[in-house]
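The values are calculated or read from the model by the stated rules, or taken from the named source; none is laboratory data. In this text the structure is predicted, and so the values were computed from the model without any measurement. Reconstructed Cβ throughout: ideal geometry from the backbone, glycine too, with neighbour counts over all protein chains shown. All accessible areas refer to the heavy atoms of the entire protein, side chains included, with ligands and DNA or RNA removed. Shrake-Rupley method; radii C 1.70, N 1.55, O 1.52, S 1.80 Å.
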Amino acid sequence: MSFNTFGRVFRFTTWGESHGPALGAVVDGCPPGLTLSEGDIQPFLDKRRPGQSRFTTQRQEPDQVRILSGTFEGRTTGTPIALHIDNVDQRSKDYSDVAKAYRPGHADYAYDAKYGFRDYRGGGRSSARETAARVAAGAVARAVIPEVTILAWVEAIGGDAIDYANFDVAEIGNNPFFCPDAEAAKRWEALVDGARKSGSSLGAVVTCEAMGVPPGWGAPLYAKLDSELASACMSINAVKGVEIGDGFAAAVLTGEENADAMRPGNDGKPHFLANHAGGIAGGISTGQPVRVRVAFKPTSSILTPVETVTREGEATEIMTKGRHDPCVGIRGVPVVEAMVALVLADQKLLHRAQIG
């Protein structure tokens, strides 16, 4: 399978399957001399780890990362960094029916059509389990961009959105939904519980902001910061839409409403009066917060019977047994943060390579 690598200067390749013995990533292009240990990576994997509440899959994976290469005495050496995460709680027997028929909404048929066979155990490479490797690689990327603070949260579940008037950063870590609105988090408990108990699932919107990105990162045309962010976030399993700044909402604004007006700043740099552009203009960062919104579809693995066909083309119905997220977007929060970090680390090094 090709195209498992992302990035230009700071690059990472993920490997492994949902029900294989392990998965991981190889990070290449990381500058030498940066402080890095398993302890720097593990907290981000712990945020993504399954089985932490009844609102996520009950698969029990410790997701303990091991660094196999690329560091010496707690610092990066400039050589490839190999990251390894064991799979310890696979239940492949749950997928015996999936071997006979395609799950609608999953990549089963598409993989079979392309390769002529597929790993039906949890979806193989198409499983959201693959994102653990991205989160590990993203933790390495954060070491490259210490000047940047990246924070994501769930903005909406099943169409029920937070009230930004209630936004409280401290609340994001106080509930199982990464929700900055305590009132919304209470509503979502009943919402997600209802979907889980009925054998269904819900979609979600995740918003991510990167603070401290200096002006100048990115490039015109074919390496735009926003196009790289869009590509990175669209590559996340279950993501069906990405917006930068106001995104689609910008299409209903007038020119004067959409313009991010500027006034002289005290530091000699422009002071922006708005941020409709999401901190990016002409593919290059402006110094404002870089803002990305990501739409996750409802989890396709549901207990509700759905019409489908077998591999031989016969009509049938299927329901997906096993342990699945009733809302995969919840655990998508650390994954979006990781992909934003990976893009920004790459763009920082690209900027340094060209500008010095």
Query - Sites SER69 and THR254, calculated FRET efficiency, Cβ-Cβ separation with R0 41 Å, nearest 0.05 - result: 0.15
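Using unit Cβ charges (K, R positive; D, E negative) and no other charged atoms, how large, in debye to the nearest 20, is the dipole of the chain about its Cα centre? Walk me through the numbers before you get to the answer.
Numbers: 37 positive and 42 negative charges, 163 e Å.
Once rounded to the nearest 20, the dipole reads 780 debye.
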Query raised in the report: Hey, got the Cα dimensions of the stretch 169-270 along the principal axes, in Å, largest first?
Result: 55, 33, 28
Report summary line: Matching label for the computed Rg/Rh (Cα atoms, Kirkwood Rh), out of [x] 1.07; [y] 0.98; [z] 1.11, is [y]
**Report entry** Karplus 3J(HN,Hα) series, Hz, for the stretch 299-307 with 6.51 cos²θ - 1.76 cosθ + 1.60 (x for Gly, Pro)
**Finding:** 4, 7, 7, 10, 8, 6, x, 10, 5
**Report entry** Under 16 Å from LYS297, Cα to Cα: lysines that are on another chain or at least 8 residues apart
**Finding:** LYS240
Report summary line: XL table LYS114/LYS348; LYS269/LYS348; LYS47/LYS197; Cα-Cα > 28 Å flagged, in table order, is LYS114/LYS348
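Quick one: Cα convex hull volume of the stretch 213-272, Å³ per residue? Walk me through the numbers before you get to the answer.
Working: hull volume 7.2 nm³, N = 60.
So the per-residue hull volume is 121 Å³.
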Query raised in the report: What's the center-to-center distance, using Cα atoms, between the stretch 211-231 and the stretch 254-301 in Å?
Result: 12
**Report entry** Probe 1.4 Å, accessible area per residue of the chain, Å²
**Finding:** 46
Report task. Quote the accessible area belonging to GLU130 in square angstrom, nearest 10, computed with a 1.4 Å probe and with ligands, DNA and RNA left uncounted. Result -> 20
Query raised in the report: Which listed residue (ALA190, PHE167, LEU151) has the Cα farthest towards the positive end of the charge dipole for the stretch 143-221, taking +1 on Lys and Arg C-beta and -1 on Asp and Glu C-beta about the Cα centre?
Result: ALA190
Query raised in the report: Hey, what do the phi angles of the stretch 37-43 turn into as Karplus ³J(HN,Hα) couplings, whole Hz, using 6.51/-1.76/1.60 and θ = phi - 60°, x for Gly and Pro?
Result: 9, 4, x, 7, 8, 4, x
Query raised in the report: Non-local amide H neighbours of ILE280 (under 5 Å, H modeled in plane, Pro and chain starts lacking H): which ones?
Result: THR286
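From the protein chains alone at 1.4 Å, what is the descending order of accessible area for LEU191, LEU229, largest first?
Working: LEU191 60, LEU229 0 Å².
Putting LEU191, LEU229 in descending order of accessible area: LEU191, LEU229.
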Requested in this report: For the chain, with all protein chains present and a 1.4 Å probe, just round the carbon and sulfur fraction of the accessible area to a whole percent.
Outcome: 55
**Report entry** Rg [Å, one decimal], Dmax [Å, integer] - the stretch 229-350, C-alpha atoms
**Finding:** 20.5, 70
